[in-house]
Amino acid sequence: MADPSSYRPKPGQIPDSPGVYKFRDEHRRVIYVGKAKSLRQRLANYFQPLTSLHPRTATMVTTAASVEWTVVSTEVEALQLEYSWIKEFDPRFNVKYRDDKSYPYLAVTMNEEFPRVQVMRGHKKKGVRYFGPYAHAWAIRETVDLMLRVFPVRTCSAGVFRNAASAGRPCLLGYIGKCSAPCVGRVTPEEHRELAEDFSAFMAGRTGTYIRRLEKQMTIAAEDMEYEKAARLRDDIEALRRAMEKNAVVLADATDADLIALAEDELEAAVQIFHVRGGRVRGQRGWITDKVEAVDTAGLVEHALQQLYGEESGDAVPKEVLVPALPEDTEAVSAWLSGRRGSLVSLRVPQRGDKKDLMETVARNAQQALVLHKTKRAGDLTTRSRALEEIAEALDLDSAPLRIECFDVSHLQGEDVVASMVVFEDGLPRKSEYRRFQIKGFEGQDDVRSMHEVISRRFKRYLAEKDRTGEWGPAGDGEVPVGGEVPAEDAQDDGRPKRFAYPPQLVVVDGGPPQVAAARRALDELGIDDVAVCGLAKRLEEVWLPGDDDPVVLPRSSEGLYLLQRVRDTAHDFAIRYQRSKRTKRLRTSPLDAVPGLGESRKQALIKHFGSVKRLKQATIEQICEVPGFGRKTAEAVAVALAQAAPAAPAVNTATGEIMEDDGGTTA
């Protein structure tokens, strides 16, 4: 635990101007990013007596070992830089919104020759129009199914589209009138694109135009006694109205707005957003955050806006954003939102009328989300803290193990021996720092030697990184700069996660006393004595410590045991996936892989020409030369490689017990 006075900047060293600051820990990793109108005034608040600080702020400043800052011209630039650094460094003490799913959108791929309507998740793509997000994918499909009667846009995948085009027959939707069948030329690309434009316009809220147009066409058809056409138009109008009813009008003035509401307690906060377009609720989403920093409602609103609009632009940012409390720098945030939209964005708190009533509905949803989240054991900050404290007490550690690394070895009957390393920080997985190992020191099956090798390799890398940076400070004296400049020799130590760069407080191995002893021996050989080691044996879920004859038995209801089990199981699954992938890759190797300069295309040409590797082995060099693209030199290299290859083990049909020949035949 560091003393904040040891790295406090000297009086007058901090500029009195807008900027962004970073706190780093003893390993030069960025642990907190913040912005300020006045860097001098804001940073001074962090160096008060610890008893005067919020407990979370006190934890942050005692974890930190240095502070740096960057001066910017305006508060808007500070907001942009803060968002960029939070995304880049993922600081552990900044507010993090945990979204438990990727929300589905209704997407129209206007970047294709024949635009397609489909459900999309994940990052947004250029040239695709998105509507939503929706709470469930089935809600999108119900809406699309109703609208395809009027806007028969393509919904099939590229493969289905190509197959229909080559066969000259449309799919079922083309026969029942829910696709205009551009695959077989029933409409031109221009006509199909116009249908997609109309579909997008209707989804964007311009519904009245199409309803009135269809009603007029229905009236004309009835007057001309074209009753079947009139009936079909009537059904189309009803389908569109049913689609519209799924998004009831909530704001009568056709408002485009996002409404953001919060529900919070001392430890966590839930954020809910309603997306209103054309006066209708088009989508809903939400996040949960641990309040790892001392932040009020206004600060949470600012973080939510950054999360929501940090990577959006244009119409994805609405004209109006309604919030429960205005951020501290309202003008800067409004200017930032306006810059992302390209036109003025109004940021305000609704005071009365329909918008205030809808905001209360959003707030109720946020409260329900927070209550639901509290029932999820793994996501509860209080539960995770209790689990870490229980582990520290059971293993007699000096402090809670905020970083835990777990190792597991996996193999199949001694082949493809691999190992995994998973990392948990503050009781949560940090997947970006998971690592995989191939066992290189020996052949065969020996879990104890494998564990010793993996632990040795991991911590040799840590020591090498530590030596390279001179104890993580400027060369020689071990101190860390407190100003905004970093010496050139340490320029690469920019806070970004590095491979094996940070030591854990606890190493967990999947196994019993032999594996634990091997891990401890590896650390002792490297001179590392400040990392605790334990093992978790699967049979009785016993915790083993180095040198102890008896295990530590944690109660079955213990949160600490639950966390250790989760860490161990994660490492086990990660190792098995890697082992299976290596085995699959090994089984797919071919003798042709040994031929230098022989790419996949020419390998496929050989197999296609001869039918199988077995028949290729029986071919003469002259016969190989008959394959297009093969000269005599390459043909000779192929023949030599096949002659030197060891005979492969026969494949067995597990259903019948028959041995499968290379050429596809079978023998008894």
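The values are calculated or read from the model by the stated rules, or taken from the named source; none is laboratory data. Note that the coordinates shown come from a computational prediction; the quantities given were computed from them, not determined experimentally. Note: ideal-geometry Cβ built from the backbone for every residue, glycine included; neighbour counts use all protein chains shown. Please note that ligands, DNA and RNA were not included when accessible areas were found on the heavy atoms of the full protein model with its side chains. Shrake-Rupley method; radii C 1.70, N 1.55, O 1.52, S 1.80 Å.
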* Asked: Can you name the residue in segment 174-209 that is touching a Ser or Thr at 6+ places or on another chain (Cβ under 7 Å) and part of a helix (DSSP H, G or I) and, of all such residues, is farthest from GLU112 (Cα to Cα)?
  -> LEU195
* **Count of segment 513-543 residues which are small (Gly, Ala, Ser), open to solvent by 10 Å² or more (accessible area, probe 1.4 Å) and under 17 Å from VAL454 (Cβ atoms)** => 1
* So is GLU228 more than 23 Å from LEU358 (Cα to Cα), modelled with pLDDT under 75 and either open to solvent by 40 Å² or more (accessible area, probe 1.4 Å) or not in a loop (DSSP other than H, G, I, E, B) (or both) or not? -> no
* Asked: Does GLU311 satisfy the condition of being assigned to a loop (DSSP other than H, G, I, E, B) and either touching a Cys at 6+ places or on another chain (Cβ under 7 Å) or open to solvent by 10 Å² or more (accessible area, probe 1.4 Å) (or both)?
  -> yes
* Structure fact -> Here the residues within segment 274-306 that are over 20 Å from GLU328 (Cα atoms) and of a type outside the set (D, E, K, R) are PHE274, HIS275, VAL276, GLY278, GLY279, VAL281, GLY283, GLN284, GLY286, TRP287, ILE288
* To do: Working only within segment 544-568, note down all residues that are under 18 Å from LEU388 (Cβ atoms) and open to solvent by 40 Å² or more (accessible area, probe 1.4 Å).
  => PRO555, SER557, TYR562, GLN565, ARG566
* From the list ARG340, ARG403, pick out the single residue that is within 30 Å of ALA501 (Cβ to Cβ) and at pLDDT 85 or above. => ARG403
* Check on THR589, surrounded by fewer than 14 Cβ atoms within 10 Å (Cβ to Cβ), at pLDDT 85 or above and farther than 30 Å from ALA518 by Cβ -> no
* To do: Output the residues belonging to segment 174-183 that are open to solvent by less than 60 Å² (accessible area, probe 1.4 Å) and either modelled with pLDDT under 90 or touching a strand residue (DSSP E or B) at 6+ places or on another chain (Cβ under 8 Å) (or both).
  => GLY174, GLY177, LYS178, CYS179, SER180, PRO182, CYS183
* strands (runs of 3 or more DSSP E) wholly in segment 6-86 with at least 2 residues that are among the aliphatic types (A, V, I, L, M) and either over 22 Å from GLU331 (Cα atoms) or touching a residue at least 24 places away in the same chain (Cβ under 8 Å) (or both) - which ones? -> 30-36, 64-71
* Asked: Under 9 Å by Cβ, and 6 or more places apart or on different chains, what pairs join a residue from segment 214-236 that is farther than 20 Å from ILE176 by Cβ with one that is among the basic types (Lys, Arg) and open to solvent by less than 100 Å² (accessible area, probe 1.4 Å)?
  -> GLN217/LYS229; MET218/LYS229; ALA221/LYS229; ALA222/LYS229
* Asked: Would you call ALA419 more than 30 Å from ASP290 (Cβ to Cβ), open to solvent by less than 40 Å² (accessible area, probe 1.4 Å) and of a type in the set (Gly, Ala, Ser)?
  -> yes
* Structure fact -> Scanning segment 454-486 for residues that are at pLDDT 85 or above and touching a helix residue (DSSP H, G or I) at 6+ places or on another chain (Cβ under 8 Å), the one nearest to VAL509 (Cα to Cα) turns out to be ILE455
* Please note which helices (runs of 4 or more DSSP H) are completely contained in segment 513-617 and include at least 3 residues that are under 20 Å from LEU397 (Cα atoms). => 513-525, 559-587
